[in-house]
Amino acid sequence: MSSKNNDSMDGGRGRPLYDINGLGGDLGTNDDNINNDVSEIGRLEELKQQEADLARQLAAIRMEKLSALRSKPLTIGVIGFGRFGQFIAKTLGRHGKIVVTSRSDYTEIANGMGAEYVPLSEPETFLDKNLDVIILATSIVSFESTVKSLTPHLREHVAKRSKGPLLVDVLSVKEHARDILLNYLPEECDILCTHPMFGPDSGKNGWKNLNFVFEKTRVDKVVFDPNSCVDFERSNDRAFNEAYSYTESMDRIERFLSIWEEEGCRMVPLSCKSHDEYAANSQFITHLMGRILGAQGLQKTPIDTKGFESVLKLIDSTTADSFDLFYGLYKFNKKNSLSIIHQLQDAMDDVVDNLKILEKKDLEQQKVHVNVESDEKQRGARID
Ligand code: NAP
């Protein structure tokens, strides 16, 4: 063994120092070892090359699969086929296959719009319809019980597949929906929390320029954190750049959102938390005023002003929605809705107080006027 070769040995333990991966053995002569190492390194390179080729092939197949998926219309399930469920299903049906389920039997209405109806009592049949997306459109007050009873069936369903369907809610309150979905749904299901800020009245002539609020709440098991200053999409893009499953999840969400975009909606990405703060100041107060004015039993008159016509319209549009919806807006966004009620009561008191103050001033001025007049009369009488 030459001193040169000795130099390349590790303290006599027989392993060459360049054998950093531990692939070389310590049997045989150095020349044998070197030859073995060279052939093993060659084999390793070959394997790496094969691995890279397979990765390229897999990426190409996945791209092809994605484009096949993109060209295939989504199959959309709707749970809760009441006023709002029917309203959205009619338009969504232009973009994909619709399967609906609800407590009441809506077979005829569903068939009338080319959708399929499955009774709510048959969740397995509903889930077996190969649904890409499930929209939850039940009342706010029944949302938790609906999700709770769906969950075991959903768990069984996803256990047989690598990926669950995308779950979308359309509730008019968002933090409540978000909490329930994150709490109950199996993590194989992606979650998109949305609120179309329109309904059967405001959207009866199409959805153009109407606001559609959404939060990509859970994508491929990663939960959006509204308190983090990190941009969800960019951080995930970085972290999951190569992850096919993430791409697949995002792709499905984007395809679903693109339907609303194509229909002309103004797409508003917004956290559920911010939504609820804004909505109390806009939607809840609208419903509250409509209900208060409606409770007064206001009627059309033969001399209505345009302003009064707007008041009647407000009453009509807010009372057309169920009381469940109004109650849900109050109960499940309580902190914000209660503060709106108190502000309204204070504002009402302020306005009435201002009227009373003005009236008092008027009366005082009238008194002064009467006193001045009587003083003048008395002075006039004395002069006479
Ligand atoms: P709603 O009174 O809030 O909900 C009616 C729906 O809830 C029906 O499909 C009904 O099913 C279902 N439901 C009620 N109680 C149930 C229970 N205990 N178990 C299972 N399902 C139950 O009226 P909506 O206007 O249709 O609203 C539906 C959802 O859309 C709500 O979450 C609402 O916040 C949201 N939304 C509504 C509007 C709108 O303009 N109306 C706009 C945006 C979002 P059955 O008919 O089978 O009984």
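Which of the pairs Lys148/Lys174; Lys313/Lys334; Lys129/Lys163; Lys90/Lys208 have their Cα atoms more than 19 Å apart in this structure?
Lys313/Lys334
Which whole-Hz ³J(HN,Hα) couplings does segment 130-136 yield from phi under the Karplus relation 6.51 cos²θ - 1.76 cosθ + 1.60, θ = phi - 60°, glycine and proline marked x?
For segment 130-136, the Karplus-derived couplings read 6, 7, 7, 10, 10, 9, 9 Hz, x marking Gly and Pro.
Answer rounded, prolate or oblate for segment 73-270, using the Cα gyration tensor with square roots of eigenvalues a ≥ b ≥ c: rounded when a/c is under 1.5, else prolate when a/b is larger than b/c, else oblate.
Because a/c hits 1.5 or more and a/b fails to exceed b/c, segment 73-270 counts as oblate.
In whole Hz and in residue order, list the ³J(HN,Hα) couplings for segment 75-81 that follow from phi through the Karplus curve 6.51 cos²θ - 1.76 cosθ + 1.60, θ = phi - 60°; x for Gly and Pro.
Values per residue, Gly and Pro as x: 9, 10, x, 10, 9, x, 10 Hz.
With unit charges on the beta carbons (Lys and Arg positive, Asp and Glu negative) and the dipole taken about the Cα centre of the chain, which residue among Asn130, Leu69, His342 sits farthest to the positive side?
The Cα lying farthest towards the positive end belongs to His342.
When the helix-only estimate is applied to the chain (DSSP H runs of n ≥ 4, each -39,500 (n - 2.57), divided by the residue count), what is the mean residue ellipticity at 222 nm, nearest 500 deg cm²/dmol?
Value at 222 nm, helices only: -18500 deg cm²/dmol.
For Val100, list long-range residues whose amide hydrogen, built 1.01 Å from N in the peptide plane, is under 5 Å from its own amide hydrogen.
Correct list: Val78, Glu116, Tyr117, Val118.
Taking +1 at the Cβ of each Lys and Arg and -1 at the Cβ of each Asp and Glu, which of Ala159, Tyr184, Val141 sits farthest along the dipole of the chain towards its positive end, judged by Cα position relative to the Cα centre?
The residue sitting most towards the positive pole is Val141.
Just want the answer: with Cβ charges of +1 for Lys and Arg and -1 for Asp and Glu, which residue in Pro226, Leu257, Phe84 is farthest toward the dipole's positive end in segment 73-270?
So the residue we want is Phe84.
Residues of segment 77-108 with backbone nitrogen within less than 18 Å of a virtual label 7 Å along the Cα-to-Cβ line of Asp201, please, listed as ranges.
Flagged as within label range: 83-88.
Based on alpha-carbon centroids, what's the gap between segment 100-120 and segment 324-359 in Å, whole number please?
40
Any lysines with Cα under 25 Å of the Lys306 Cα? List them, leaving off those in the same chain fewer than 8 positions away.
The qualifying lysines are Lys204.
Ranked highest first by average number of other Cβ atoms within 10 Å, how do 179-190, 346-357, 120-131, 152-163 line up? Present the calculation step by step, with values, prior to reporting the outcome.
Details: 179-190: 17.9, 346-357: 10.1, 120-131: 15.7, 152-163: 13.5.
The densest-packed peptide leads the list: 179-190, 120-131, 152-163, 346-357.
At a temperature of 25 °C and a viscosity of 0.890 mPa s, determine how fast the chain diffuses translationally according to Stokes-Einstein, using the Kirkwood radius over alpha-carbon pairs as Rh; express D in µm²/s, rounded to the nearest whole number.
D, rounded to a whole number, is 92 µm²/s.
Mind listing the long-range amide H neighbours of Leu171? Cut-off is under 5 Å, sequence gap 5 or more, other chains count too, H placed in the peptide plane at 1.01 Å from N.
Thr194
A short reminder: the numbers here are calculations on the coordinates, not readings from a lab. Predicted, not measured: the structure shown is a model, and the values here were computed from it. Reconstructed Cβ throughout: ideal geometry from the backbone, glycine too, with neighbour counts over all protein chains shown.
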